[in-house]
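Heads up, the thing below is written out as structure tokens.
The values are calculated or read from the model by the stated rules, or taken from the named source; none is laboratory data. No experiment lies behind these values; they were computed from the predicted model shown. Glycine also receives a Cβ, built like all others from the backbone with ideal geometry; neighbour counts cover every protein chain displayed. Accessible surface areas use protein heavy atoms only, side chains included; no ligands, DNA or RNA. Shrake-Rupley method; radii C 1.70, N 1.55, O 1.52, S 1.80 Å.
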Amino acid sequence: MISALLAACLLLAVPSHARAVVGRPIDVPTPSPAVQITGSGWGHGVGMSQYGAQAQALAGWGVNRILRYWYRGVEITRTPDSDKAIVVGMATAATRPDVVVEEGVGQWLGCTTKCERLLGPAGQRLTQTPEAGPWTVVATTGGRLALRRGTEVLWEGPSTIRLRLRLSTDDRQRDVARVLRTRHRWGSLEFSTSAAAECSAPQLCVTARVPSVERYLRGIAEMPSSWAAAALRAQATVGRTYALRMRAGGLRPSCRCHLLASPAHQAYAALDKEEGFSGDRWVASVAATAGRVVRHNGALAGTFYSSSHGGRSERISDSYAYSAPASAYPYLRSVADPWSSDPRAGNPYARWTRAVGNAAFARYVDRRLVRVTGVTIRSRTAGGTPEELVVSGHDRAGDALTTTFSGVDGKQVGDHRVWIAGAELKQRFSLRSQQISRIGLAPFSDDDGNAHEYTIATLAAAGVVTGCAPDRYCPGAPVSRAQTAALLARALQLPSPGSDLFVDDDGSVHERDINAAATAGLTTGCRPQRFCPGRRLRRGQMASLLARALRLPAATSDAFSDDDATTHEDNINRLAAAGITSGRPDGGFRPNGSVTRAQLTSFLVRALRWAAGR
């Protein structure tokens, strides 16, 4: 028996629009949980995976087998062209860069159609040594270029002249200079301005003019020098092929270079790579593959590569980074890539998660949305990138809205535009890659795309539910009777029980909540003095619990045919009449079926909204 005092506590004063129910139901929040985007890999996803190549090398694959796996139908040949010079763009917006000669001698030249030794104020040849300290190249908006040491002007002339610092030309020399935090040894460094380039005064273009592609390769910093030899040789071969293709295109007006020193083309660290940790292994790999390139039908192949992929490589037409049709690169197919996630490779981005603000994601997908409540990936590219999403949410009026999303801008591929949702999300939210495996709502990662995801997030925000493990909710797991009692006790804010009513729940973390639910009259247990806390909750039992908690009025019709003669039929009908359940897709209720952890959250949210008069 519930005492009169306890009954009074359970029927506390409530707002006029709310219904009189057991306990003091929580206010159901309308949260805007962060949108969690989970994916794999880092980079554009096309061609060779560097971490994949490392795993293959560790598995005993040779360099040619690695290359032919990522670039299908190609030939590995030799070329004499890698002995030709190449110009590398170190910067296009350098302002007053300092030049420090750390070893040997640097000779300054002035170049127009030809180069001549630069002369100082007293007519002396300008030669920089370590003892001279830093010199600074300065471009002025007045069309002048100057070389200074502190406040002293060593040389000044029109900006039509390009300043060049000559360093080593072969292994017998060791002339080393540091510019923009990078040490250089080979060839020369050049400083210039150009209205046609991205370096109009006072900004400067800084380029490294390396005497051969082979020397250049020593300085590309695209793979750790400590990696397996076959992986390093594969990297040297694709790097050489890539550089020669870029060189064949001529000097780029934007940087006065053949290619950039950044990962946009190939990361180039010059002498810092050669003489860095295990640099000798990298230099040896370049030497061992000297002149080796990848060709397709006799032409240099487009040997694109990136750090790692998300289960497969992408076709070039499906990557955010390129606009070429797949037919232009038939050897860049989407191939299976279990290697990027091979534990032997140690890939830190085999799996990554990025949280994006709910409102920001909603606005980007559809400006009518103010809140996202669920995301489903409808289709994918051959490489696994989401092509089209179905996004559910609320508009400004609070009404439900479902929209499809393939992108905002699309991208040009050949003579037409294509829209790939994952490619645009990668760019918009600075993701590691476009190869997204799941998009869901915080705080859990294992309920992404689940029909009950938003109600899980809603009750998590209210403190009613917690996960089964860090970052996990286990939405498909059947809910137990004890867990259900705990959720009801929290959702209804039931008062502490006055006595221990069952003998089989001792030591259970839910014992207090079980006794609170029983004291409130929601349950009498499974048999005298026993609650059977570990048993699965059945759908009929859930209906009775909720009907008692909400004090639902009697129903006037029989909602389902498969609950006839069950002890819970009346309460099932009450639940249906209140709009808290519509049954199963087949039209039945399945009273003896289990209730999952995810399903219970939706029942509970609808029950709480009914209690609040909504």
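List of remarks:
- When the residues of region 533-556 are filtered to those that are assigned to a loop (DSSP other than H, G, I, E, B) and touching a Lys or Arg at 6+ places or on another chain (Cβ under 6 Å), the one that is most open to solvent (accessible area, probe 1.4 Å) is ARG535.
- Total residues in region 567-614 satisfying the condition of being among the hydroxyl-bearing types (Ser, Thr, Tyr) and either open to solvent by 40 Å² or more (accessible area, probe 1.4 Å) or closer than 15 Å to ARG19 by Cα (or both): the figure is 2.
- Flag for ALA59 being of a type outside the set (S, T, N, Q), modelled with pLDDT of 95 or more and in contact with a helix residue (DSSP H, G or I) (Cβ under 6 Å, 6 or more places away or on another chain): no
- Hits in region 1-36 (condition: open to solvent by 60 Å² or more (accessible area, probe 1.4 Å) and either among the aromatic types (Phe, Trp, Tyr) or at pLDDT 50 or above (or both)): HIS17, ARG19, ALA20, ARG24, ASP27, THR30, SER32
- Qualifying residue in region 260-273 (condition: modelled with pLDDT of 95 or more, over 26 Å from the mean Cα position of the chain (by Cα), open to solvent by less than 50 Å² (accessible area, probe 1.4 Å) and not aliphatic (A, V, I, L, M)): yes
- Residues of region 162-195 that turn out to be crowded, with 21+ Cβ neighbours inside 10 Å, in a loop (DSSP other than H, G, I, E, B) and modelled with pLDDT of 95 or more, as a count: 4
- For region 522-532, the candidate set comprises residues that are surrounded by fewer than 16 Cβ atoms within 10 Å (Cβ to Cβ) and not polar (S, T, N, Q); within that set, the residue that is nearest to ARG574 (Cα to Cα) is CYS526.
- Only residues that are outside any loop (DSSP other than H, G, I, E, B) and at pLDDT 90 or above were counted in region 403-412, giving 3.
- Cβ-Cβ under 8 Å pairs, at least 6 apart or on other chains, region 269-282 side over 22 Å from ARG209 (Cα atoms), far side assigned to a helix (DSSP H, G or I) and small (Gly, Ala, Ser): ARG281/ALA229
- Of the residues making up region 171-229, those that are more than 30 Å from PRO158 (Cα to Cα) and free of Cβ contacts under 8 Å to residues at least 24 places away in the same chain number 2.
- Filter pass, ARG144 being modelled with pLDDT of 95 or more and among the basic types (Lys, Arg): no
- Residue within region 485-495 that is within 16 Å of ALA549 (Cα to Cα), in contact with a Gly (Cβ under 7 Å, 6 or more places away or on another chain) and open to solvent by less than 40 Å² (accessible area, probe 1.4 Å) present: yes
- Scanning region 356-400 for residues that are surrounded by fewer than 19 Cβ atoms within 10 Å (Cβ to Cβ) and hydrophobic (A, V, I, L, M, F, W, C) yields a total of 7.
- Annotation: of all residues in region 284-319 being assigned to a strand (DSSP E or B), open to solvent by 10 Å² or more (accessible area, probe 1.4 Å) and among the hydrophobic types (A, V, I, L, M, F, W, C), the one that is farthest from GLU424 (Cα to Cα) is ALA299.
- Residue identified as in contact with a Ser or Thr (Cβ under 6 Å, 6 or more places away or on another chain) and not in a loop (DSSP other than H, G, I, E, B) among ALA485, ALA489, ALA517, ALA457: ALA517
- Of SER254, SER334, all but one fail to be surrounded by fewer than 18 Cβ atoms within 10 Å (Cβ to Cβ), polar (S, T, N, Q) and not in a helix (DSSP H, G or I); the exception is SER254.
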